[in-house]
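Below you'll find the structure, written out as structure tokens, and then a few comments.
The values are calculated or read from the model by the stated rules, or taken from the named source; none is laboratory data. Just so we're clear, the structure is a prediction, and the values are computed from it rather than from any experiment. Every residue, glycine as well, gets a Cβ built from its backbone with ideal geometry; the counts of neighbours run over all protein chains shown.
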């Protein structure tokens, strides 16, 4: 049984500078990608890598093993985002992609610099050390890799099934609206996700002088605009219906 | 495994071996050829049977019969209860005089069990789950009786075929099968000749053949009658004490057989009986192809005579041979498939050729799988093999289901075979490793040998499964029950190392008084190899998510939120939670595995929210926070007004973090929120492990605490949605964790706890207040209990003080309405309680305001969960007094929190207090998790305890879900419901919101009902007028059928520009209690829905234009009223 290290000794696996340099490079690259408004396929992985590398570098200083490192790494990232964002939001800079990138870059580089300059955490008493034997950990990871990959694949399939089910069920209804109303003219827009077939557009002031407009047909995913005449005072009902049907499909009212 | 064969598929034992006989390889080939011969004879007759059936009956009836026979085979195999394989092992050790009564008893038990199952299973499937496609098999009394009798007979012959190998010979088994198969053919011809057209007539012919073959066995074994000592027909004492062994065999055999038995049933249930005809025919043909590889593996097992090295030595020949034969068959059937299927008929050739080509590919992975099973049988590790194969069986069926939903029968075949190939890849790893060890001269590991075992890289040193020392030797302590060294017994925060002469650690109850952590049970030394549980558990959880995805898909596409949909949903939840509940409590599991599985479970539960609604925010609280996120994104500023819930603007931590992720990554708002919430959930799980393990010094207790915490009623719903508490709670746990693990003696050790505390304060008011209160309480406890240790008390004071300062700063923000917000909650809770006391019940105990309540089974779950929680809490709280005696302040604080548990269920007596109780669950359960986990971990881990804990935790979780999330039907998506939050968000509402975003000026003041108003703000970019933000109750605009001066006044006073009406509100009462908000027009004593006239009154108001209509939603421009 090994004895716990003396209180003032540095841990045997003292943290080297290489990780800090890599993290710093990633941070700068990620910030550049954000400021440069690069596509999400570039920004997202770079940003996440930069966060992971910076967090991994900083938590190594705690020397409390893998579990603590993961907790503090992820939790610390959330804390950093929350507090940095609060400062940005209170400052004239505001919360924008550019200001986020610059602010977090500064925070990350400062923390990395501090980690280079200051010594790691003083040796932790044995009961506080969470043990992680790299050799065994890697072997265990390799052994579990097929299962983890299989689980990840199944999870992806589950998400795909879920997403497909939402797109299948969302049929946008036929919509009718007044795009503009000025004087005696109103622009009526009829839109639909699926092709509607022939539709009759009518205006009816209720005094028997209803007007039927030329039949319109809305293409799939498209819209059709029609200018109709409306009285300057009084009430007129604007409807679209399927040809031959009495009950209107949609109804608008102008009541001036 | 030999698919497509309807006879016994249990691994038949090899004939007796001549020790002076041929070499090992020759023995394997001899055994294999014997089995192949038996297989060939019965397969030819079986093929003839099905060919006649295909010619004489319609494809639909063929499909029915095929599914019925497959179901019979599966249920019959289940009914054998492993007795067949047990008899093979047990009969040679049984006295000759008792063998026949033992066999008769086993046959009787199998018959009864199988018959009962054959009655119950179809009844449940058809009448309770509503799987109508199976009605033709057992939907009528006559068919159900026939099916039950046939299945009972099937179980009898399965057991008998194995018993005769001991009582008679292998040849008798062959003869019986040939007689049965021949009789079936004759019976089928006779039935076809008399004009029978029913699919179950084919099944009846099968049963007749079975019955006729039984007298043959009785006649051929009559010589043994003279030897028997008991004339009793059945004697249950003959099987006494053999139950566990039988079940072990049964489990493995059933697992191996079930996919092939279930596939035709799946095809029938999910596609159609007609589709099962070509599928069943193709599956029958694959029996020929897989016969040799299967026989090779069985021969290998039999010839090995219990020596794993023999298996590993011969694998070098049998694996390539099996793969070669399978590959040859695959290549041959590529062009020949339609021609071979023509035996069954032209339509089978047309519809089944592609299916056959795909199914026959399964021969390749079967070679690997069968060799894996053979190796594990020889090693005596059947339990491990069963566990692994159970997971893969579920995966195979899931793959088949996915394939079926995507591509019908062909898709099902592809899905199943695809999973088989993945399975082969995974199972090949232990085969290769074992072979390498054998090749390198290491002894083959068996399940029977005791001794030190390799370590999986634990995370915690004080777990019994300690890390391997750096010199590479295996610590002897692992083989003994050594207690931890004295220097690690006491949790000494002063980090004072134990000096010489220090008194030895006391033992017994007094030790528990001084340090309750001392009595956390160490695990017994491993007596056999540890079962790798992490991988199967993770895969099972993923399969649970897949099951939930199927449930969600079914609910959306069919509109059915009951029956099979609910089963799939509940099954998914069980598959996520149960593995974690078992693994954390199972003996001899490495700490890393426990922690991984426990944290993975809670993360998977968070992911289930994304599975449920993967593309957008849906719930009430999510939408109001999404609105704040939109405002921050649009303005780049904090503290802008959020009219949906003004207080959220002053605690924007969640939105700030999400905005950061969105701006930095470029991902959408919802996707960014998913990432944030997953990270938060990971922090919550890890934080609980760290806190509990730190206090109890047991990683096992830490992992158990995570599972217990998952039973919190709000785990699945409230604490998973995009709402500020969802982030604040994990950050609060993080604060406690980093405080406990800080670097003591240096000020910089407090930096992280202080920052974490600040993050909590800017995120959620109540969580922050409770966290600050907790630190203050901890500080007080430290002063009272720990004899004023200044360092610890000082650190607590610093963190608490920082929290107070930041909290005060947030409170001082102009416009912060926290006081009035909390005041209104207190007022409404008090009002509801007063009503309750006065006898005016405000909330039905088991129903919402629309009268929808949980089903009886859900009520049982709910009440049962409460009882189980109380049953666990009472003894654990009683034992937890030891923490006070030990003066352990953080533990004492958690115990006090746990005492508050009654608030959670007790709050459900009234609606307002129900909300308070629900929101308290997330905090209170931290204490509950600690006490229950610590109490459970005090007991030595055994499989029995792990099973009880697993079952209890899973049951409690399911009941908690009902308490916190409502009925299962309400949790699932489905058709529109009136004022039902997520069930009211549909294409019509979304279309209206999207239109508002493009057609109306941003931040126009709109008035709408509860859900439409949320969408108008979050998606439509409008300012939804609410009483909580404006102080104006404008609900009569939408709910009163009369239009008058009061309406005009409200429009002008609130500055409303648009009124949005959902005409469907007239279809029913509001499921969430209100159409718009608390205290709305007409809410007192409401028993009927809002009148339709109220929703149409603006049609006739001068100065009001209806400017939008999508059938359900209408938008009125009321700006004319303002003039």
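Things worth noting here:
- Qualifying position, being in a helix (DSSP H, G or I) and modelled with pLDDT under 85, among B:362, B:353, B:400, B:328: B:328
- The set of residues in region A:85-112 being facing another protein chain (nearest Cβ under 9 Å) and free of Cβ contacts under 8 Å to residues at least 12 places away in the same chain consists of A:86, A:89, A:90, A:93, A:94, A:95, A:96, A:99.
- One residue stands out in region B:396-414 among those that are farther than 17 Å from residue B:540 by Cα and within 22 Å of the chain's Cα centre (by Cα): the one that is surrounded by the fewest Cβ atoms within 10 Å (Cβ to Cβ), namely B:405.
- Apart from one condition, residue B:587 fits all of (1) under 22 Å from residue A:151 (Cα atoms); (2) at pLDDT 90 or above; the exception is (1).
- Hits in region B:729-743 (condition: more than 9 Å from every other protein chain (Cβ to nearest Cβ) and assigned to a loop (DSSP other than H, G, I, E, B)): B:742
- The one condition in (1) modelled with pLDDT under 65; (2) surrounded by 13 or more Cβ atoms within 10 Å (Cβ to Cβ) that residue B:880 fails to fulfil: (1)
- Residue B:978 being surrounded by 20 or more Cβ atoms within 10 Å (Cβ to Cβ), part of a loop (DSSP other than H, G, I, E, B) and in contact (Cβ under 8 Å) with a residue 24 or more places away in the chain: yes
- Odd one out for residue A:83 among (1) closer than 17 Å to residue B:754 by Cβ; (2) out of contact with any helix residue (DSSP H, G or I) (no Cβ under 7 Å at 6 or more places or on another chain): (2)
- Residue check: residue B:670 meets all listed conditions (1) within 21 Å of the chain's Cα centre (by Cα); (2) more than 10 Å from chain A (Cβ to nearest Cβ) but one, namely (1).
- Criterion (under 35 Å from the mean Cα position of the chain (by Cα), more than 14 Å from chain A (Cβ to nearest Cβ) and either modelled with pLDDT under 85 or buried (at least 17 other Cβ atoms within 10 Å of the Cβ) (or both)) met by exactly one of B:770, B:781, B:785: B:770
- Filter pass, residue A:47 being under 21 Å from residue B:633 (Cα atoms) and within 9 Å of chain B (Cβ to nearest Cβ): yes
- Flag set for residue B:941, criterion: out of contact with any strand residue (DSSP E or B) (no Cβ under 6 Å at 6 or more places or on another chain), in a loop (DSSP other than H, G, I, E, B), in the same structural domain as residue B:783 (by TED's automatic domain parsing) and under 22 Å from residue B:703 (Cα atoms).
- If you filter region A:200-256 down to residues that are more than 24 Å from residue B:1063 (Cβ to Cβ) and in contact (Cβ under 8 Å) with a residue 40 or more places away in the chain, you find that the one that is surrounded by the fewest Cβ atoms within 10 Å (Cβ to Cβ) is A:232.
Yes/no per residue for (1) within 11 Å of chain A (Cβ to nearest Cβ); (2) surrounded by fewer than 22 Cβ atoms within 10 Å (Cβ to Cβ):
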site	(1), (2)
B:1051	no, no
B:1055	no, yes
B:1065	no, no
B:1070	no, no
B:1099	yes, yes
B:1108	yes, no
B:1113	yes, no
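- Some residue of region B:661-675 being surrounded by 24 or more Cβ atoms within 10 Å (Cβ to Cβ) and either touching a strand residue (DSSP E or B) at 6+ places or on another chain (Cβ under 8 Å) or within 26 Å of residue B:736 (Cβ to Cβ) (or both): yes
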